[in-house]
Amino acid sequence: MDRRHFMMTASASLLAAGSGAIVPIRVRAADGGMQVTAAQRFRVGDMTVTAMSDGFIPLDPSVMQGIEPEGAARILEDNHYDPANIHGSVNTYLVETGGDTWLIDSGADGVFGPTLGGVAGVMQALGKDPAAISKLIITHMHGDHIGGAVMDGSSFYPNAELVVTESDVNFWTSDEIQAKAPDAFKGAFDLAKGVIAAYGDRVKTISGEADVAPGIVARPLPGHTVGHTGYMLESKGQSLLIWGDTLVVAAIQLAKPEVTTVYDTDPAQSVATRKDLLASVAGTGQMVAGMHMPFPGVGYVESAGEAYAFTPAHWEYF
Ligand SMILES: [Zn+2]
């Protein structure tokens, strides 16, 4: 971790609505400055979507595979990043539609250290009660997407149905697969098992292009995990495709979609999925959002020769 940066917890820790737990809004102090985790609200037809930041993951370029470190550094520099100091956003999306409130991915909470865990505090700042979430819809069962689903072993969203792909549940709760997994990944299985146990009979598994609820359809995007899936929101002729972790390090994987990460369960499948998806949305005006796209992570994909570029959506003041 970059020593110039350190984490501090805002002195005004907040009581999370409905949970009874103290949830800090986390901020990062860099050279004396403060960065408060944030939210951004916009419309998709009649739906209100709010991008909520859980914070960031410091990314080591060694997580990328299929590219030399020098090549990765050059792409990052071309995109105005410091290759030695990459911060991967961790975003979640709150959807309000027809009296229902859904949350797509929960963020990490404390699973990956103190640079994450902002979602509960952001919800508090927005005046959103975790008890009002009717569906917690999961793109895949990695810790930075499900860690915030539980707090102290209990479900943080007491009334939410947990919507998740059957194939991810089968994979991440398998004792047999866990036993064969590298040590660094074993904890991910324990976390997934804990989340499934915490939601109990509120777990709703889906497969394929499932209709999750009116206005939201699952779009399988396998490779990053076996059940990794995106969600298409549609309302009044407008749409937003939330693509989960189709891009993990956006600058590099837009330039070179064949680059994978150590987190991919099936790297070859993740490349095929990424190439197909980027080709299908490029230049179409399809609004997309991703959990690790630079916050708020919403925008449009354009073709750029053999590669792709991402144009962020304008910040709305809706
Ligand atoms: Zn992720």
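Annotations for the structure displayed:
- Residue within the stretch 236-246 that is within 15 Å of the ligand (Cβ to nearest atom), of a type in the set (S, T, N, Q), closer than 27 Å to Gln286 by Cβ and touching a residue at least 60 places away in the same chain (Cβ under 8 Å) present: no
- Subset of the stretch 259-318 that is part of a helix (DSSP H, G or I) and free of Cβ contacts under 8 Å to residues at least 40 places away in the same chain - its residue that is nearest to the ligand (Cβ to nearest atom): Leu278
- Within the stretch 87-101, being surrounded by fewer than 24 Cβ atoms within 10 Å (Cβ to Cβ), away from the ligand (no atom under 14 Å from the Cβ), touching a residue at least 40 places away in the same chain (Cβ under 8 Å) and assigned to a strand (DSSP E or B) holds for Leu94, Glu96, Thr97, Asp100.
For every residue, the table says whether it meets (1) polar (S, T, N, Q); (2) within 11 Å of the ligand (Cβ to nearest atom); (3) under 25 Å from Asp190 (Cα atoms); (4) at pLDDT 95 or above.
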{"residue": "Leu103", "(1), (2), (3), (4)": "no, no, yes, yes"}
{"residue": "Ala108", "(1), (2), (3), (4)": "no, yes, yes, no"}
{"residue": "Phe112", "(1), (2), (3), (4)": "no, yes, yes, no"}
{"residue": "Gly118", "(1), (2), (3), (4)": "no, no, yes, no"}
{"residue": "Val122", "(1), (2), (3), (4)": "no, no, no, no"}
{"residue": "Gly127", "(1), (2), (3), (4)": "no, no, no, no"}
{"residue": "Ala132", "(1), (2), (3), (4)": "no, no, no, yes"}
{"residue": "Lys135", "(1), (2), (3), (4)": "no, no, yes, yes"}
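- Across the stretch 144-179, the number of residues qualifying as crowded, with 19+ Cβ neighbours inside 10 Å, touching a strand residue (DSSP E or B) at 6+ places or on another chain (Cβ under 7 Å) and either among the hydroxyl-bearing types (Ser, Thr, Tyr) or in a helix (DSSP H, G or I) (or both) comes to 6.
- Residues being surrounded by fewer than 22 Cβ atoms within 10 Å (Cβ to Cβ) and not in a loop (DSSP other than H, G, I, E, B) - total across the stretch 118-134: 5
The values are calculated or read from the model by the stated rules, or taken from the named source; none is laboratory data. Since we're looking at a predicted model, the values are computed, not measured. Backbone-built Cβ (ideal geometry, glycine too); neighbour counts: all protein chains shown.
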